[in-house]
Every structure is written in C-alpha cells, then in structure tokens.
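Every number in this text was worked out from the coordinates using simple rules, so none of it is lab data. In this text the structure is predicted, and so the values were computed from the model without any measurement. Note: ideal-geometry Cβ built from the backbone for every residue, glycine included; neighbour counts use all protein chains shown.
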Amino acid sequence: MNQAMICPLILVVEDDKEYQELLERGHKRSQISCEFKIVDSAEEAFQYLENHHTIPNLILLDYDLPGMDGLQMVEELKKSSYRALPILMFSVHNRPQLIEQAYEKGVSSFIPKPDGYTSIIELWHSICTFWGEYASLPTLT
C-alpha cells in the first residue's frame with residue numbers, strides 16, 4: 001500500500017451535463033476522500049492544466065467529446081509536460097479497435113462507461129482506492 005495515502009485530485013473530462021451530474025451525485029454518495037474537477041472539453045482541460053497550480057493525479061477522460069476527441073487529447077498530453085499523468089479513458093463505445101487505439105496512444109486504462117448510479121458509485125470507490133492508496137503516482141511540477 002502506498003505510504004503517502006494521498007487524496008487524489010481527478011480531472012474529469014466529460015461534456016454531457018446529465019452525466020456530470022450523475023458523477024457528482026455518485027461521488028457524494030460514495031463518501032470517498034478524493035477530489036475532482038469536471039471540465040466540458042479537451043480544450044478546457046488543457047486550460048485548466050495550464051492555469052491551476054494543483055496538477056491532478058489522474059485524468060478521467062471520455063472518448064466522445066466535442067472538438068478534440070479523447071484520443072486526440074491523449075496524443076497532445078503525451079507530447080506535453082503532462083505526459084506522465086495517468087489517463088483512465090471511458091466510453092460507451094467499447095469497440096476493440098477503439099480500445100487498442102487508446103492503449104497505443106498511451107492511456108493507462110480503458111473502461112466501459114458506467115451506465116447507472118450504482119456503477120458510478122463503484123467507479124469512484126475503485127478509482128480512489130487504486131489511484132489514492134495503491135498506485136505510485138508521478139510528481140509533476
């Protein structure tokens with residue numbers, strides 16, 4: 001177990017307002033001790049990264065985004081000073097080709113997008129337990 005037992009900050013990149021609300025309600029219900037910030041697009045995620053002093057420990061990234069999609073965002077992240085940030089991509093599109101492309105681009109993991117309140121709560125528990133307690137995360141400055 002990670003000795004630091006950090007409270008991870010998760011940057012969620014999700015454009016669907018209803019799904020954002022579901023993520024927020026599930027987080028509150030899960031009563032886990034991780035923080036998160038939701039942005040609506042890849043472009044907004046890059047603005048957040050550039051303009052905030054607190055760098056997230058993990059990016060939870062939807063594949064299907066307006067403008068720059070999730071795969072394109074991963075490509076850009078891997079060319080930047082944020083290339084070591086773990087990226088957990090999720091999508092309702094679980095085609096083998098998309099999953100393979102995501103890993104080739106550099107995601108840390110790809111999961112099916114949780115489709116209900118209970119599975120959202122389980123997602124928060126899993127993410128915060130693994131990324132907050134077990135995984136050793138890079139220090140970015």
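Less than 5 angstrom separates the built amide H of Leu61 from those of Val13, Leu88, Met89, Phe90, all sequence-distant by 5 or more or on a different chain. Rounded to the nearest 20 debye, the dipole size of the chain about its Cα centre is 460 debye, using +1 on the Cβ of Lys and Arg and -1 on the Cβ of Asp and Glu.
Of the residues Val12, Leu71, Gln31, the one whose Cα sits farthest toward the positive end of the charge dipole of the chain, with +1 on the Cβ of Lys and Arg and -1 on the Cβ of Asp and Glu, is Gln31. Springs between Cα atoms under 10 Å define the GNM used for the chain, and in it the highest mean-square fluctuation of Pro114, Pro96, Pro56 occurs at Pro96.
Name the most mobile residue of His93, His125, His53, meaning the one with the largest mean-square fluctuation, in a Gaussian network model of the chain with Cα contacts below 10 Å. Answer for the Gaussian network model of the chain: His53. Taking θ as phi - 60° and the Karplus parameters 6.51, -1.76 and 1.60, the scalar couplings of region 111-124 work out to 10, x, 5, x, 10, x, 4, 5, 5, 5, 4, 4, 4, 4 Hz in sequence order, x denoting glycine and proline.
Shown in residue order for region 43-55 are the 3J(HN,Hα) couplings computed by the Karplus curve 6.51 cos²θ - 1.76 cosθ + 1.60 at θ = phi - 60°: 4, 5, 5, 5, 4, 4, 4, 6, 9, 10, 6, 8, 8 Hz (x for Gly and Pro).
Against the empirical 2.2 N^0.38 Å scaling, what ratio does the C-alpha Rg of region 9-134 come to?
Working: Rg = 13.5 Å, N = 126, 2.2 N^0.38 = 13.8 Å.
Expressed relative to 2.2 N^0.38 Å, the Cα Rg reads 0.98.
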